[in-house]
Structures are given as C-alpha cells and as structure tokens.
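Chemist: The following block contains the structure, expressed as structure tokens.
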Amino acid sequence: MEDKNNGCGGCADAACEAEKRKNTEAMEKQKLSSRLSKIKRKIVVMSGKGGVGKSTVAVNLAVSLALKGKRVGLLDVDIHGPSIPTMLGIKGRQMTGSEDGINPVEVEGLKVMSIGLLASNDEEAIIWRGPVKGAVIKQFIQDVAWGDLDYLIVDAPPGTGDEPLSLCQIIGTLDGAVIVTTPQKVASVDVKKSITFCRRLNVPILGVVENMSGFVCPHCGQRTDIFPAGGGAQLAREMGVKFLGAIPLDAQVADSGDSGLAFIHHYAESSTAKAMAEVIKPILDL
Ligand code: ADP
C-alpha cells in the first residue's frame, strides 16, 4: 500500500510527486528552523562597495567575540570572492561530514564555512544565477553542523544583490548589520544603499565603520589622510545611524590578512588593534 507520508518510491503520479515535494520542503523548513533556533544572535557585515575591508571587519569581530569566550560561527556568503579562508589560513582544509551535517572548519575558536573551502581550484569562476546562490546559502545554514552558537557573523558580498537578499529571507530575523565604508565619497554613495537595503528589510543597523581611515607611518609616526577623513562619520550622520568608529590603514592589517592570522589576536598590542577593539566594543555587548 502507498505510504502517503513518505512517498511511494516508484510512482509517477503527479499528485504523489507533489506530495513528496511538499514533505521534503516541510522537512527542510523544520531543519532550517531547528538550526536557527540554536543561534542566539545573527549579525551581517555589509558594504555597498568591494575592497573596503568588510571581510577584515567580519573576521576580527568574530575572533574578538571568540576571545571573549563566546561560541561563534563565521559564515562567508561572498560566493564570487570568498576571502575568509585566506584571512584565517584555512584554505585547502579538508571538509568532513558527520551525522549532523557538514562540519564547519574550526580555527581561532570559530566555526567557519565558506564556498572557498569547497572550491577545488582558486581560478575557477563560479557562474551561478540568483536562485542557485540562494540555495547554496540556505544549505550553508541548514546543512552545516553549527551546533549551539552565541553569534553567527555573516560576511556578505558587496552590494545589495541576490546574496544579501537571500540571506535575509533565509535567516528571517537578523539581529543587526554592521556597515563598512572607507572615507571617500565614492564609497559612501554606495554604502548608503546598504543602509536603505537594511531599512527596507527591517534589519537593525548596528552602525557604520570607517575603515582605511588615515595612514600612520610606521617609521616616523606621522598621520596622512590618504583619503579625506570623516566620510564614515558624515555618512552615519546623514543617514541617522550610529558611527562605530574608524580603523586606520595599516600595512600589518594587510599582511596579517594575507598570511592567515587574525589581526586583533596576533597584533593585539598595536594601536590599530586597539582602534579595532573600540569599534567592535558596542557589538560585543549586544
Ligand atoms: P572586502 O571584504 O570589503 O572586499 P577585505 O576585507 O577583503 O575587503 O579587504 C581588502 C584588502 O584590504 C585586504 O587585502 C585586506 O587585508 C586589506 N585591508 C582591509 N582593511 C585594511 C586596513 N585597515 N589597513 C590595511 N589593509 C587593509
């Protein structure tokens, strides 16, 4: 006799197929909500522009939380340019599975998942349309054995396209967005769009970070504002959101990112790490 709950296996009847699909969807929905229910806070790090230091902020925020003893997951949904594996020195790490799902890679006290951990070849371009990217992001949450987390920090790709939209729809309620910009006008114009995006999707904005804000010469200590300073604070004022603070341009931040060392941990005594810690402080208290 047909088993209406689990499908009948070989039946080609359209109604039976629809029933099976419905059951699968219900099971997936249940799996997703069970994963999400074990994560206390979900925070997305966004920017309207690429290259402004979004991943750098995401990594250092996640590591700061872990150093404070929090259970932290870091999810990189930058499908076309995943830099988290490089920044944490886990490129090429073998993924493993368990009964509970795909095991995230553990490093610096974090559980990390990124498309960059699954791609076999760095030069391979990922050419996917929106719905495929949405399905992958859903799998990254639903099928990864995140376990109980105090925070899930999500590094979104630049802009307000498919990935951030899918992420908001899949997660449902995000606890906040950190918006990263650089001081120049060209960045702040695009970053304003990220703020508007969050408002439309009811994502609370935790604040704006101005990264690459002034350069302090490591030899003479003199500060040079390579880009006119203050763009982030001005943007925050204009858009009515909190300004979290500024992080200077520092060669050691770039070096640590390239060598897979979390800056805030390995250069904790530097003035830039202290500036970073000030920026991150309000988020730690969330
Ligand atoms: P995004 O995620 O916005 O594309 P990344 O975080 O990948 O930006 O940063 C782009 C590059 O700039 C990386 O090489 C990173 O190490 C470097 N970088 C980020 N912030 C700083 C900083 N404050 N000082 C120096 N280099 C930085």
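The values are calculated or read from the model by the stated rules, or taken from the named source; none is laboratory data. Nothing here was measured: the structure is a model prediction, and the numbers come from that model. Counting neighbours? That spans all protein chains shown, and the Cβs are built from the backbone with ideal geometry, glycine included.
Chemist: Can you tell me which residue within region 180-216, out of those that are touching a Pro at 6+ places or on another chain (Cβ under 9 Å) and in a helix (DSSP H, G or I), is surrounded by the most Cβ atoms within 10 Å (Cβ to Cβ)?
Modeler: The selected residue is Ser194.
Chemist: Among the residues of region 16-32, is there at least one that is modelled with pLDDT of 95 or more, surrounded by fewer than 23 Cβ atoms within 10 Å (Cβ to Cβ), closer than 19 Å to Val154 by Cβ and under 19 Å from the mean Cα position of the chain (by Cα)?
Modeler: no
Chemist: Go through (1) out of contact with any helix residue (DSSP H, G or I) (no Cβ under 8 Å at 6 or more places or on another chain); (2) free of Cβ contacts under 8 Å to residues at least 60 places away in the same chain for His266 and report which single condition fails.
Modeler: Condition not satisfied by His266: (1).
Chemist: On to the next question. Quick check: anything in region 102-119 touching a Pro at 6+ places or on another chain (Cβ under 7 Å) and farther than 26 Å from Val72 by Cα?
Modeler: No.
Chemist: Next question. Quick one: which of Val136, Val144 is touching a Pro at 6+ places or on another chain (Cβ under 7 Å), more than 19 Å from Val209 (Cβ to Cβ) and among the β-branched types (Val, Ile, Thr)?
Modeler: Numbers: Val136 fails: touching a Pro at 6+ places or on another chain (Cβ under 7 Å).
From the options Val136, Val144, the qualifying one is Val144.
Chemist: Inside region 228-258, can you point out the residues that are outside any helix (DSSP H, G or I), more than 16 Å from the ligand (Cβ to nearest atom) and crowded, with 17+ Cβ neighbours inside 10 Å?
Modeler: Val241, Phe243
Chemist: Looking at the structure I just gave you, is Gln94 farther than 20 Å from His266 by Cα and either in contact with a helix residue (DSSP H, G or I) (Cβ under 8 Å, 6 or more places away or on another chain) or touching a residue at least 24 places away in the same chain (Cβ under 8 Å) (or both)?
Modeler: Taking the combined requirement at face value, the residue does not satisfy it.
Chemist: Among the residues that make up region 85-92, is at least one of them in contact with a Ser or Thr (Cβ under 7 Å, 6 or more places away or on another chain), part of a helix (DSSP H, G or I) and crowded, with 18+ Cβ neighbours inside 10 Å?
Modeler: Yes; the residues of region 85-92 include at least one that is in contact with a Ser or Thr (Cβ under 7 Å, 6 or more places away or on another chain), part of a helix (DSSP H, G or I) and crowded, with 18+ Cβ neighbours inside 10 Å.
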